[in-house]
Every structure is written in structure tokens, then in C-alpha cells.
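The values are calculated or read from the model by the stated rules, or taken from the named source; none is laboratory data. Every value quoted in this text rests on a predicted model; they were computed, and no experiment measured them. Cβ: placed from backbone, ideal geometry, glycine included. Neighbour counts: every protein chain shown.
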Amino acid sequence: MKVIRNYLYNVGYQVLAIIVPLITSAYIARILRPEGVGANAFTNSIIQYFILLASMGIGYYGNRQIAYVRENQQKMANTFWEIQIVKTIMTLTAFIAFEGFMIFYTKHPEYMWAQSINLVAVAFDISWFYEGIEDFKVTVLKNSFVKIVSMIAIFIFIKGPNDVTLYIAVLAISTLLGNLTLWLNIRRDLPKINFKSLNPWPHFLPMIELFVPQIAIQVYVQLNRTMLGVMVNETSAGFYQYSDSLVKMTLALVTATGTVMLPHVANAFSQGDMNKVNKMLYKSFDFVSAMAYPMMFGLAAISLTLSPKYYGPGYGPVGQAMFIESVVILMIGWSNVLGVQYLLPIHKQKEFTISVTLGAIVNVILNIPLIKVWGLNGAMIATSIAEFSVTLYQLFIVKRSLSLKDLFHGSWKYFISGLIMFIVVFWMNRNLKDSWLMMGLEVIVGVVIYGILVLILKAPIVYEARDLIVDKLKNE
């Protein structure tokens, strides 16, 4: 039940993380216009490279290491401070590198300095610790508060197209404040230590092992925006970000399982219980499939009218990009289970690294010709193919230790249910009145159709839900 409770905490936050940008991005799209949105997207893509250097794989590594030693309070405290020392040093190194970069960067210096607040915030991000001890309540409640405050600040302070710098600063400061609030509980959650006894350097090489896949992931997360900004224009980079943001916000409900399951699987693995590890993976994969199929098909079905209606005039290209990119909801959902929830906890970093590096290489190779030919849509096609290659390689790796038949035994039922739902909702979206009320009806119809078909086909998720309810009633 702890895993379910943590998942619900995480999903609750992810829902808020979806609602707040949904409210603010429609406002910002109209206030800052495509040019301002594009400038933020382009400069943010640049600062992410320095954030990558500062983070250096610590999110995954710290989460896992804390999960390994959490039964020993003193050892856990030592591990926390050793990892945090490395992270602080890397953040300082990254900021020095950023200052060197700013000597030569002249296009939007004020935007870049505002973005640098995000880099400072990295040093204070200890969410990995609370994820490792599976205390998601702390991170969820405090980050939720900061999200709401930042939303209010956006509506109060951002009033015109010249407020791009202020908008960037509001977002960055909210991230910094969210990270700082996590430190309020550290004295309560960790015993005192002797700092002279700490030895942070043994953590450095394992972090680098996880840093390499983080570099690969960022290549095809951030480089798309950078390449669009250079090869086409900054407005296209903004369109890419808005499409990617809506898709990733939907995806967050699926990948929330990864954050919750990684420490749980790592703890089971540290105790040598591989049977439990595999059993958890099969259930997680089926749950993610049950969630990802309807989200993929549902978003694709309404995407062509959603973006121009939501973002306003001039944002039509975002809808086509979303339609193409929606497939990554399923691909990333699966690779999150296989990579984050399985390969990383059982020390298969090499295989995980190869998979995301393969995706990065595919993305870069395809980006150049596809962006030249199709611009924004070309970048989306490259992204989708790259994510498919990551998932395919991970499936090839895990088939040695897992049964692919057991992984996919219910997948066809979710696919059929989602496909029929897509056909109906897409027809409604293209042929009936274009209004918010009708779009709301389309979503409801889609949910009902998918739910009924899943019940009729007796998909595995139905039995899992039934067993969960029965167990809950027994415990009460």
C-alpha cells in the first residue's frame, strides 16, 4: 500500500504540475506572443546544458543509493552529505563554465542571466533524498505550494510582451524556492554526522556512469529546440516547446510510477529478492500500458483543434506537432519502466546508457535532414523515432531475464480499446462544432469508450483493481 500511496502523492503533484502550466501557458502565449515564447524556449534549452553538468546523474544515483542504505540511519546521513558535497562542487563548476560562455554570448544576455537562477537552484535540489526514503509527501506538498505561488506571481507581474526576462525570473525563482523548502526537514530526518569522516569521492565515478545517459537524454530533449532555433527560427523552437510541454504533461501521469518504483525496486534488489523485482515490473508495465494507450490516442484525437484553441491565433503548427509526438507517450512510458524501474535499480547502467545514447544518435542524425525538409514536424518525427529506438533496445536487453510474453500479455486489449476510442473522438473533433464544451464532451466520450472496452475485453488492469479493492476491504 505504501507504493500506491506514494504513487497517488506523486500523481496528485503531477496533476497540479499539469493544471498550473495549462492555466499559465495559455495566458503567457497571448501576452508574450510566439516571439517571446520562442526566446524563453531557446535560452532555456541552452541553460539546460549547464544544469546537466551540475546535476551529473545525481537524481537517479542519489535516489538509488539512499534506498540501498536507508535501513541504517547513520550510513544514510553520511551518504546524503557525501553526495550533496559532490553536487555542490559540480554546480559551482557549471556556473563558472556558464560565466565563461556569457563572455561570448550576446544575443539575449538578459534572458540568459535570468535563466541562470535555474542553475543556482540545482545545488539545493535534494528531492532525490526524499524519493530514496519514499517520503513523497514532503516533496509533493512543498512543491505544490510553490507551484501555486508562481502561478499567482505570473498573473500579477507579467503584463506585456516586454516582460520576457521577468517571466523567466519568476519561473526560475519558484524552482529555487521549492528546492530551498526541502531543507527545512533535513535536521529532523537525518542524525548529526562528523563531516571530517566523510569521503565523497567514491561516489564520483558511479555518478559519471549515470551522467553519460543523462547527457544522451538531454541531447534529444534540448537539442531539438536548439537546432530549430538555429536552423529555422526561435518561434519554431517555441512551438516545439509548447507541443512537447503538453505531451510531457500528459506523460507525467504515466512516468510518475518510475519515481515511486525506483527506490522500491532498488530496496528489493539490495535484499536479493529478484522474484519480487520481476513481479513488480510486470505489474508496473501493465499499469503503464493501461494508462499510456488512452493518453496517446486521446491527445492525438483532439490535438489539431486543441492547440490553436488553447494557445490562441498563430499557434496552429503546435497541433500538428502534437499529433506526431503523441506516440512518445507510449514509448517513454515503456522505457521508463524498463530503464528507470528495472535496469538502473539492478545495476544495469551500461545497458541503460547504451539505450539512451542510441536514441540521441538517432535523433541527431535524423534531425538535420528532417528539420531542413519539414521544419518543426521534422523535429517531431525525429524525436518519435528516437524514443522508439530506445524502447526497442531496452526490450532486446530485458528479454534475457524477463518474459516479453508476460510483459505484453494484456497490451493488445489496451491497444484495441484505445484505437476504437481514437476513431470515434477524432471523427467528433473534425466534424462537430468546434467549442470548449464539445471538446470536453469528446474527452468524456473517449474515457467512457475506453473504460467500457477494457471491461469487456477483461484486461489485466481490471483484475488488479478488483484485487486491490478486495484487499483494502479485508484490511478495514
Exercise. Specify the residue that is farthest from the chain's Cα centre (by Cα); the eligible residues are those in segment 424-455 that are of a type in the set (D, E, K, R) and not in a helix (DSSP H, G or I).
Key: K433
Quiz item: Given the residues F124, F104, F129, which is the only one that is surrounded by fewer than 21 Cβ atoms within 10 Å (Cβ to Cβ), of a type in the set (F, W, Y) and modelled with pLDDT under 90?
Solution: F104
Self-check item: Test: F415 is among the aromatic types (F, W, Y), in the same structural domain as V247 (by TED's automatic domain parsing) and assigned to a helix (DSSP H, G or I)
Solution: no
Quiz item: Applying the selection to segment 119-135, what residues are touching a Lys or Arg at 6+ places or on another chain (Cβ under 8 Å) and either of a type in the set (G, A, S) or in a helix (DSSP H, G or I) (or both)?
Solution: V122, A123, G132
Quiz item: Looking only at segment 456-467, which residues are part of a helix (DSSP H, G or I) and either out of contact with any Leu (no Cβ under 9 Å at 6 or more places or on another chain) or within 30 Å of A26 (Cα to Cα) (or both)?
Solution: I456, P460, I461, Y463, E464, A465, R466, D467
Quiz item: Is there a residue being touching a helix residue (DSSP H, G or I) at 6+ places or on another chain (Cβ under 8 Å) and farther than 26 Å from S289 by Cβ anywhere in segment 320-335?
Solution: yes
Exercise. Output the residue which, of all residues in segment 213-258 that are within 23 Å of L358 (Cβ to Cβ) and hydroxyl-bearing (S, T, Y), is modelled with the lowest pLDDT.
Key: Y220
Quiz item: When you scan segment 310-342, how many residues do you find that are at pLDDT below 90, within 21 Å of the chain's Cα centre (by Cα) and not polar (S, T, N, Q)?
Solution: 4
Quiz item: What residue, among those in segment 31-79 that are within 19 Å of the chain's Cα centre (by Cα) and in a loop (DSSP other than H, G, I, E, B), is surrounded by the most Cβ atoms within 10 Å (Cβ to Cβ)?
Solution: M56
